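Have a look at the structure below before the remarks.
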Ligand code: PNW
């Protein structure tokens, strides 16, 4: 199958990291405030060289001047009330895998298979968020962010996926949500970010069975009942493409399976069905006004020239690229081209299931990092043609992350045009860099700042044109466990020392803080 082959090429690249970046040395010191004492950097042995950190809530004379300059700047603003936030996921940040009755997950198992994760890293400790959440909420607050997207670990609530709920697990999320609200930060909860309870994998082969889809809906309904008095927004599943393709197709993510096409199509169908069943369960058990949608890394086609014919071709291509995911969720049918391509391997489904899958949602959450491809109009049967990427197309340290700022504009734009949802959230967008502490203890991630300027300018362009993008969650708050790449890949606005778990703001944290403060790209 063509698509699978292409994905495999990407995955091999995905596992490679860039480690030959030149060290940034002899950077000028700024005259900003010494941060050593308050940040606990002494733990890192960094006390000899002072760490300098600017912050709008620590008002030096220099900071006041910056604030004044910002208030006088006339950059176009994002819509009023636009929500700035950051995102994380349970297995990537929480650690505490054996605490308070949490059940084992497929990632706990997968990480202990030698060679599956770079350096055999595991999420056992991750960022220690389970215990450090209060500290991290202060970091979110200091970014001027007013929202936070986190995920709930299913196996903390139902250790075996179904059965008796574990109060201690729920209490953790109760405490965290209360702390967010006390700090003026709106919680956005994702119910599944890939940490499937191991019992469901063992008992039902995980997403290969509809039993898992049903179990997910029961869990989603339970969580909505318990949290929706305070959590108003839920995402069902995160990136169905990624966890099905990489976990059940290519075997590079948990549970590490390489299923034949027919079984892979079925697993994918069971996952979109789980989304639909969960939407219904949340509606049935959540308080009135609870909002719900999916968070999918839609595959975006970018018109190589922005003329009506190529734009139309990109729209057609985007609908087809997402046929097994966002398209079936929003339209309640698999496209003809999808079914034709699948042939005898097509998933088995009923009309009733398609109705469930397309249960009305309140918003579309889209994770956008890279385009699927640049396209042009064509007179062929599909109506579009893909261009291959140049070998020198720039990427982040994640080799699959081919950079194209306009993907954010076109992603939002196509979603509006194709499915016209009431609201759109950018549930993830971020950049992994070769972040390093310099001798004077800064992280000068100029590349991440360049990334943010480019991508956010394009997002602004979409909002100016009336695309209903309501918020943006940067991936991620802090460097964390990056799946098969372990701790070698850093996406955070905060740098994390993996031994001491100390968090240090990167230069981009300052940048994000300014953008969120001003509600405009600066
Ligand atoms: C997403 N690929 O993952 C996830 O939602 C996050 O958990 C993750 O940390 C973030 O993006 C950065 O990687 C992806 O190979 C992982 O194409 C791999 C791919 C795409 C997304």
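All of the numbers you see were taken from the coordinates with simple rules; none came from a lab. None of these values were measured; they are calculated from a predicted model. FYI the Cβ positions are ideal-geometry reconstructions off the backbone, even for glycines, and counts take in every protein chain you see.
Relative contact order, whole percent, for the chain stands at 19, derived from Cα pairs under 8 Å and 6 or more residues apart.
The peptide list 151-157, 209-215, put in order of mean Cβ contacts within 10 Å with the highest first, becomes 151-157, 209-215. Annotation: peptides 179-189, 481-491, ranked by per-residue average of other Cβ atoms within 10 Å with the highest first, follow the order 481-491, 179-189.
Per-peptide packing, taken as the mean over residues of other Cβ atoms within 10 Å, places 400-406, 98-104 in the sequence 400-406, 98-104 from highest down. On the principal axes of its alpha-carbon atoms, segment 177-216 has extents of 41, 15, 13 Å, going from largest to smallest.
Over all projection directions, the Cα-based convex hull of segment 364-522 averages an area of 11.5 nm². Put the Cα centre of segment 368-425 next to the Cα centre of segment 429-474 and the gap is 18 Å. Between segment 234-252 and segment 266-330, what is the separation of their alpha carbon centroids in Å? Cα centres, segment 234-252 to segment 266-330: 14 Å.
For segment 91-107 versus segment 156-176, the spacing of their alpha-carbon centroids is 11 Å. Where both bridge residues fall in the chain, DSSP classifies roughly 20% of the beta bridges as antiparallel. On the principal axes of its alpha carbon atoms, the chain extends 67, 57, 47 Å, with the longest extent given first.
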